[in-house]
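Take a look at the structure below.
A short reminder: the numbers here are calculations on the coordinates, not readings from a lab. Keep in mind that what you see is a predicted model, and the values were worked out from it rather than measured. Don't worry about glycine lacking a Cβ; one is built from the backbone with ideal geometry, like all the others, and counts go over all protein chains shown.
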Amino acid sequence: MTEPHSSPKPFDHLFVSQLNELFRWRRDVRRFQTRPIDESLLTELIYSCLNAPSVGNSQPWRFVVVKDQRARHAVCKNFEKSNDLAALANADDSKEHYKKLKLAGLKEAPVHLAVYCDKNPVEGKGLGRQSMPETLEYSVVLAIGQLWYSALAHGIGLGWVSILDPDEINATLDTPDNWRLIAYLCMGYPEEQHSDPELVRENWQGPTDYDTKLFYR
């Protein structure tokens, strides 16, 4: 019989305050220093998010550190092509504004990290995802969020690049067919840090009215 573990003690007020401060400073980073991240720290950060919650303990996350310079160059070209197409999709009065936005730090970031979801992991034996299979992908997103905060605690920023053709990324990285790309991340030490979103500072949108996000039934 396994002995029960003791419950963790409640965290004190200082810890809770610092945790809330960490949440407040989490931002999508697009401007990176070229200063490298120590390899052992990068490994520590990735492993720190492997205890994230996952449906049925499926642990479907798969992390690919992209070191090959040709692959990184291909990803940059993928972004440029996808971004040009995205610019065309904007209304005429916002196209020029869109083109001025810095939407990725792919060239500067010392680390590129592709995060995948294994669509049929052995772990969990399918438990909890029969009626909502998308919870596998949600589990990967939770791990990414945990990585984001762990990195920020070490002064490292993340940028999530979504303006990409995922099929081209899969071909570039030669990933298995049963893996689905969830996120392509840039990682590095930020050139600058702000507690407000860059898109607000660049007047792409106004500040969020949080009262419009909470509902009761």
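Selection of the range 176-217 for residues being touching a helix residue (DSSP H, G or I) at 6+ places or on another chain (Cβ under 8 Å) and either buried (at least 17 other Cβ atoms within 10 Å of the Cβ) or among the aromatic types (F, W, Y) (or both) yields W179, R180, L181, I182, A183, Y184, L185, M187, W204.
Going through the range 150-170 one residue at a time, which ones are in a helix (DSSP H, G or I) and under 19 Å from Q33 (Cα atoms)?
Taking the range 150-170 and keeping what is in a helix (DSSP H, G or I), we get 150-153, 166-170.
Those that are in a helix (DSSP H, G or I) and under 19 Å from Q33 (Cα atoms): S150, A151, L152, A153.
All conditions but one from (1) surrounded by fewer than 16 Cβ atoms within 10 Å (Cβ to Cβ); (2) hydroxyl-bearing (S, T, Y); (3) in a helix (DSSP H, G or I) apply to S82; the one that does not is (1). With respect to (1) of a type outside the set (D, E, K, R); (2) part of a helix (DSSP H, G or I); (3) surrounded by 18 or more Cβ atoms within 10 Å (Cβ to Cβ), the lone exception for S40 is condition (3). If the condition is being closer than 20 Å to F79 by Cβ and either assigned to a loop (DSSP other than H, G, I, E, B) or free of Cβ contacts under 8 Å to residues at least 60 places away in the same chain (or both), then the range 181-196 contributes only E191. Filtering the range 169-180 to residues that are closer than 18 Å to K67 by Cβ and either in contact (Cβ under 8 Å) with a residue 24 or more places away in the chain or not aliphatic (A, V, I, L, M) (or both) leaves I169, N170, T172, L173, D174, T175. The single condition among (1) touching a helix residue (DSSP H, G or I) at 6+ places or on another chain (Cβ under 8 Å); (2) polar (S, T, N, Q); (3) surrounded by 13 or more Cβ atoms within 10 Å (Cβ to Cβ) that N170 does not satisfy is (1).
Within the range 90-108, does at least one residue satisfy the condition of being assigned to a helix (DSSP H, G or I), out of contact with any Pro (no Cβ under 9 Å at 6 or more places or on another chain) and over 21 Å from W204 (Cα atoms)?
Kept after step one, since they are assigned to a helix (DSSP H, G or I), are these residues of the range 90-108: 92-100.
Restricting the remaining residues to those that are out of contact with any Pro (no Cβ under 9 Å at 6 or more places or on another chain) gives 92-100.
Imposing the further condition that a residue be over 21 Å from W204 (Cα atoms) reduces the set to none.
Checked the range 90-108: no residue is assigned to a helix (DSSP H, G or I), out of contact with any Pro (no Cβ under 9 Å at 6 or more places or on another chain) and over 21 Å from W204 (Cα atoms).
Scanning the range 109-149 for residues that are within 20 Å of P176 (Cβ to Cβ) and part of a strand (DSSP E or B) gives H112, L113, A114, V115, Y116, C117, D118.
May I ask you to list the residues in the range 148-167 that are over 28 Å from L88 (Cα atoms) and crowded, with 19+ Cβ neighbours inside 10 Å?
Restricting attention to the range 148-167, the residues satisfying the condition of being over 28 Å from L88 (Cα atoms) are 148-157.
Scanning the range 148-167 gives W148, A151, L152, I156, G157.
Kindly indicate whether any position in the range 197-211 is within 20 Å of R70 (Cα to Cα), assigned to a helix (DSSP H, G or I) and among the hydroxyl-bearing types (S, T, Y).
From the range 197-211, those within 20 Å of R70 (Cα to Cα) are none; that's our starting set.
No, because not a single residue in the range 197-211 is within 20 Å of R70 (Cα to Cα), assigned to a helix (DSSP H, G or I) and among the hydroxyl-bearing types (S, T, Y).
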